[in-house]
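Report on the structure given below.
The values are calculated or read from the model by the stated rules, or taken from the named source; none is laboratory data. A quick note: this is a predicted structure, and the numbers were derived from the prediction, not measured. Here Cβ is always computed from backbone atoms with ideal geometry, including for glycine, and neighbour counts include all displayed protein chains. Accessible surface is based on the protein model in full, side chains and every heavy atom, while ligands, DNA and RNA are left aside. Shrake-Rupley method; radii C 1.70, N 1.55, O 1.52, S 1.80 Å.
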Amino acid sequence: MIDRRLLQHFDWILLALAMVIGGIGILTLYSAVSANAEVAELRRLVYIKQSYWLAVGTGVMILSVLFNYRWLNRLASPIYILSIGLLVIVLFAGKEVSGSQRWLVLGPISFQPSELVKISLVIILARYFSRHATERGFSLKELWKPLIWTLIPFVLIVVQPDLGTGLIVLLIAATVTIFVKIERRSLMFLTASGIAGSVVAWFFLKGYQKQRILAFLDPEGDPLGAGYHIIQSKIAVGSGLFFGKGFLKGTQNALSFLPEQHTDFIFSVLAEEWGFFGSSVVVLLYLLVVIWGLSIAIRSKEPFGTILSVGLISMIFWQAFINVAMVLALLPVVGVPLPLISYGGSSVLTTMIATGILLNISMRRFLFKE
Amino acid sequence: MDRYLHTVDSDWYRHRVSGAVIFVLVAFSILLVRLYYLQIIEGDEFRRQSQENCFRLQSITPARGFIFDRNGVLLVENRPSFNVSIISGDAKDPKKVLHKLTELLNIVPETLFARLVEAKGVPSFKPILLMRDVSRDAVAIIEAHRLDLPGIVITVEPTRHYIEDNRASHLLGYLSEISRGELKSGSFPDNKMGDFIGKFGVEKALEPYFHGRRGKQHVEVNAFGLVTRILKTEEAIPGKNIYLTLDIKLQRKVEALLSGKVGTAIAMDPSNGHILAMASSPAYDPNAFAEGMTYELWNNLASDQFHPMENKAIQGQYPPGSTYKIVTAIAGLEEGVITEHTRLFCPGHYRYGNRTFRCWRRGGHGSMNIIDALAQSCDVFFYQVGEKLGVDRLARYANACGLGSPTGIDLDKEANGLVPTSVWKLNRMGIPWQGGETLSVAIGQGFNLVTPVQMLSLISAVANGGIRYKPSVVGRVESPDGSLVEKQLPVALGRFSASTKTLQLIMRGLVDAVNKTTGTGWIVRIPGVNVAGKTGTAQVVALEEDDKGKPLESQPRHLRDHAWFIAFAPAEEPKIAVAVLIEHGGHGSKAAGPVAREMIRTYLRD
């Protein structure tokens, strides 16, 4: 199935980048939980579980490399329908965790279908756009199908409710669409209706979500309430100075000031302990992954592979960017994980699948040489 | 594929990707600039804020759930108490501060230093508990010398308060400080060092319900460690309230009846297994544990010869004496070795091999059927039933009656009791079973051991037609706002292997025991109420011939018999079943009977 040429062209650099980021994640998680957990058991659990997920993720990644990625072009519809089906099931039979029904439980494994749908949406969009792309760009009339494919999972995820993941889905779809070009008139129309839509949506937001957005606009206005997380996160990051306080020496983290320090705010733990130096290295690692991914997009000699790469890499890009920007108080607090560093099996698996497909596209690029 | 390459080619895609690269570079530059701003330009200010350590996380202990009786009478609540702790990071020199503190309060410093040593490894910003439940005077002294005592903090924490002191103390249980082992076990994820958890009784059995969930408070403190601003509070969730099946009025009466005696008295609603009263004497005061048990007091409790810490109702194991004849009667009737018409003659003794087994009535009972034999507790009648049954057949019925294994009551430390069999004896002692031993077992002497709660469960089942309910002490669990969380439904453990007819015969024997002048329980009769019951006098040792017949008072206490009485009433429609055991009380009817009678009278009067 795999011939020698494929192994020769295996993209070790992308694999190495993913592993380094995952390794940094485990170290940071260890630090995040060790100062805080009163019970020693919990301390072990989180980073060991994350290591386990990274191992499983690597396995899934290898699986995603084995088959020819062009099968995804043919299987786009079934994959998409399956993932939407899972999203519907989760609404009725999902496990509720802190007021939000996101988890599907199968025996010992629980999974968020909303993570999987990010990938299946990219696949079906890549198939559609690769067939119909023209230099003049897509008109509104040609965009109604992609629009519906995007809005179905978006609505299903937002009602869970999980606004953060819903917005990521929207951003990924928008990125892919803009990448394949939209007619100017259509773009302006879509932008305008997007703005109108968010104004209307404001009235449907939950109380805590509104509060977070208001707190972002003026954190000092409510330092005891929603603005509290933002202030604490800034103190943690800022107090790291250039070289940081050192591994396991972060005091803000130790005092459990940081909200959800092992999931969404993991970057503030890292920034406090490793300073500007360490945080920049991590930001640059993500930049390298994104640039490398985009180079795979260029080097792929056929449109489906190119668009698929752009979509997958946009998923990693937006999550990394929004998460870090949120921790640095550049964006309101929305629940978006930092790929491969935040604790969470679903997020790790999805990122590893995406990485696997990118590796797949990268090593099969020579098979299409005209 | 070629068709599409006409419309857009790879150069076109290359061009689009370059646009994306520029976008990504701009986005990540923003992040790097922001990092530079926060960590380098503004960094010193943030470092100062974090170093002054002016933000702290304080833990809020959740209020423990209350305990009520079945009618909603409050039995256990929480009262505020003042605790003194030290935050070593704020104290700068903790030893000096501790010396000052002991000087001011005029106490010995050793225990406080021991606390400090114990807490080695606790982060310097976490409080270490020094003294619990200090007096208001001590609080006033500490407050007045605030500036000399940096790092010393006083917190108000709820302390358990048992309103009627040692009332129902064995059932309610007590709290004590969580041990390191318990913390590490992972069974108490929401607890921290210094917390009090249930260690006995209902307090232990329902610990997860009582605990609730710990809250957190983010505060800003000044250089002395005093809170200047509360930033954010995550309220603690109070624990659940528990409504027991206990009737406190009956419990008070039972404890009054037992006062001065060593033993236990328990009552149950035979229709569902609810425990109405459970007293064990002597008792202890659980408040002493809540206030922090002293070594001396604990030693006194632990070495007391009457074992006040033991719940005799479920932990005490005693020979059942004649109460066991109920089991022998069931087995005999069911196995067909006797019928309701069988009459056996009692001349006052029974010859087995070359041994003579005596009846408690030297002169003999004459000709008896099963009803008379139960009513007058004729030993010779049951020797013969036992002999015909054999020990192993008898044991099967005893097991079916719930003897020899725990009843499964909600409280821990319940004892098994013992139902001897020939195999058991061979394994245990290496000697085969002797036929004569069966005779002793048949009248409840010998190797048999039962707990009072087992006998209560047994007599309840006789009362309700043969269903053994799991004895339960918890009626329902409510959340603090009064909504129902859980309600305990009766759990049937099994059925007696006895026909209705057998049970009716036994019932008649037990009614006659109390209501006929010849019955052994005549003392327990209540005019107007049909009480059914069975006495039991459990020999501790075979008394020396010259001790026999002596008045009880002149026998050495530890050699006197245990007194049993088990009963239920009214016989037609049983509302209460009781089991009373008085250690070394002498004869069952005289020592235990009146207690049983007054319990029934009190309960049925209300």
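With q set to 0.07, 0.10 Å⁻¹, the log10 of I(q)/I(0) for segment A:4-364, from the Debye formula over equal scatterers at the Cα positions, is -0.30, -0.63. Run through segment B:276-364 and list the GluC sites (Glu not before Pro) located in a DSSP loop whose Cβ has at most 14 other Cβ atoms within 10 Å. Here the GluC sites (Glu not before Pro) that fit, given the DSSP loop and packing criteria, are B:Glu340. Here, P(r) means the percent of Cα pairs in each 10 Å bin from 0 to the largest distance; for segment B:72-130 it is 20, 45, 19, 10, 6, 0. Of the residues B:Glu203, B:Glu414, B:Glu110, B:Glu486, the one with the largest accessible area comes first in the ranking B:Glu110, B:Glu486, B:Glu414, B:Glu203, computed with a 1.4 Å probe on protein heavy atoms. Between B:Asp392 and A:Leu106, the modelled labels are 5.4 nm apart [label points 7 Å from Cα along Cα→Cβ]. Any idea what % of Cα-Cα pairs in chain B are farther than 46 Å? Percent of Cα pairs beyond 46 Å in chain B: 37.
At R0 = 45 Å, how high is the FRET efficiency between B:Arg146 and B:Glu235 if r is their beta carbon distance? Nearest 0.05 is fine.
Working: r = 28 Å, r/R0 = 0.62.
So, using R0 = 45 Å, E works out to roughly 0.95.
Estimated at 0.36 nm per residue, the fully extended path between A:Phe67 and A:Ala201 surpasses their Cα-Cα distance by 44.1 nm.
Model label points for B:Arg180 and A:Arg131, set 7 angstrom from Cα along the Cα-to-Cβ axis, are 7.0 nm apart. In a DSSP loop and with at most 11 other Cβ atoms within 10 Å, the GluC sites (Glu not before Pro) in segment A:89-179 are A:Glu135.
Rounded to whole numbers, the Karplus 3J(HN,Hα) couplings from phi for segment A:139-149 are 9, 4, 4, 7, 9, 5, 5, x, 4, 5, 4 Hz, using 6.51 cos²θ - 1.76 cosθ + 1.60 with θ = phi - 60°, and x at Gly and Pro. Between A and B, buried accessible area from a 1.4 angstrom probe totals roughly 5000 Å², ignoring ligands, DNA and RNA. Lysine pair count for chain A with Cα-Cα distance under 27 Å and sequence separation of 8 or more or different chains is 23. Here segment B:160-198 is scanned for amide nitrogen atoms under 13 Å from the site 7 Å beyond the Cα of B:Arg252 along Cα-to-Cβ, giving B:164-165, B:167-168. The Cα center of segment A:232-250 and the Cα center of segment A:297-327 differ in position by 30 Å. Result for chain A in a Gaussian network model with C-alpha springs under 10 Å: among A:Phe247, A:Phe204, A:Phe265, the largest mean-square fluctuation is at A:Phe204. What does the accessible area per residue of chain B come to in Å², with a 1.4 Å probe and no ligands, DNA or RNA counted? Ligands and nucleic acids excluded, the figure is 44 Å² per residue.
Among the listed pairs B:Lys240/B:Lys487; B:Lys120/B:Lys192; B:Lys216/B:Lys487, which have their C-alpha atoms separated by more than 23 angstrom in this model? Cα-Cα > 23 Å for B:Lys216/B:Lys487; rest within.
Return the tail of the calculated pair distribution for the protein assembly as shown, meaning the percent of Cα-Cα pairs more than 47 Å apart. Write out the running numbers ahead of the final one.
Details: 235575 of 475800 pairs.
Cα-Cα pairs in the protein assembly as shown separated by more than 47 Å: 50 percent.
Legend: residues B:His170, A:His132, A:His9, B:His365, sorted from most to least accessible area (1.4 Å probe; ligands, DNA and RNA excluded), read A:His132, A:His9, B:His365, B:His170. Segment A:115-152 and segment B:453-469 have Cα centres spaced 73 Å apart. Simple point charges give the picture: +1 on the Cβ of Lys and Arg, -1 on the Cβ of Asp and Glu, and for the protein assembly as shown a dipole about the Cα centre of about 2220 debye. Only protein heavy atoms count here; under a 1.4 Å probe, B:Thr342 has an accessible surface of about 30 Å². The relative contact order of chain B, computed from alpha carbon pairs under 8 Å that lie at least 6 residues apart in sequence, is 13 percent. A Cβ-based charge dipole, computed about the Cα centre of segment A:4-364 with Lys and Arg at +1 and Asp and Glu at -1, lands at about 1260 debye. Applying the criteria of a DSSP loop state and at most 11 other Cβ atoms within 10 Å to the trypsin sites (Lys or Arg not before Pro) of segment B:375-430 yields no site. Shown for the protein assembly as shown: the carbon plus sulfur share of the solvent-accessible area, taken with all protein chains present and a 1.4 angstrom probe, equals 59%.
A simple spin-label model places pseudo-atoms 7 Å from Cα toward Cβ; at B:Val491 and B:Ser479 they are separated by 2.5 nm.
Calculated [222 nm] ellipticity per residue, helices only, for the protein assembly as shown: -15500 deg cm²/dmol; basis is -39500 (n - 2.57) per DSSP H run with n ≥ 4, divided by all residues, nearest 500. Which of A:Arg136, A:Arg127, A:Arg74 moves the most in a Gaussian network model of chain A with Cα springs under 10 Å? Maximum among the listed residues: A:Arg136. Computed from backbone phi, the HN-Hα couplings of segment A:113-122 come to x, 4, 6, 5, 5, 4, 6, 5, 5, 4 Hz, rounded to whole numbers (Karplus: 6.51 cos²θ - 1.76 cosθ + 1.60, θ = phi - 60°; Gly and Pro given as x). Rounded to the nearest 20 debye, the dipole magnitude of segment B:338-477 is 220 debye, with +1 charges on Lys and Arg beta carbons, -1 on Asp and Glu beta carbons, and the Cα centre as origin. Averaged over the residues of A:234-246, the number of partner chain Cβ atoms lying within 10 Å of the residue Cβ comes to 6.
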